Amino acid sequence: MKKSRYSEAQIVSILKEAENGVPVLELCRTHGMSSAAFYQWRSK
C-alpha cells in the first residue's frame, strides 16, 4: 500500500482552509495536489 504524501494533520488543515472559503482550485495549486485527491479526502 502506498504511503500518503500528506500527513493527517496536513489534510485536516487543507480541508479547514476550504471550509473558510478558499477556492478548491487555488488550494490544489498552492499545495501541489489534484482536485480529485481533495474531494476524496472530503468524502472520508
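Please treat every number below as a calculation from the coordinates, not as lab data. Only a predicted model underlies this, so the values are computations on that prediction, with no experimental measurement involved. Neighbour counts run over all protein chains shown; Cβ positions are idealised from the backbone, glycine included.
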If you put +1 on each Lys and Arg Cβ and -1 on each Asp and Glu Cβ, how big is the dipole of the chain around its Cα centre, in Debye rounded to 20? 260 debye
Determine ³J(HN,Hα), in whole Hz, for all residues of segment 6-12 in sequence, where each value follows from phi through the Karplus function 6.51 cos²θ - 1.76 cosθ + 1.60 and θ = phi - 60°; x replaces Gly and Pro. 10, 6, 4, 5, 5, 4, 4
Neighbours of residue 34 by Cβ distance under 14 Å: Lys/Arg at +1, Asp/Glu at -1, summed charge +2
Of all trypsin sites (Lys or Arg not before Pro) in segment 1-39, which ones are in loop regions per DSSP and have a Cβ with at most 11 other Cβ atoms within 10 Å? 2, 3, 5
Note the full-extension length gain between residue 29 and residue 12 as 0.36 nm times their separation in residues minus their Cα-Cα distance, in nm to one decimal. 4.4 nm
Of [x] 10.0, 33; [y] 11.8, 39; [z] 20.7, 64, which is the value of Rg and Dmax of the Cα atoms in Å derived from the coordinates here? [x]
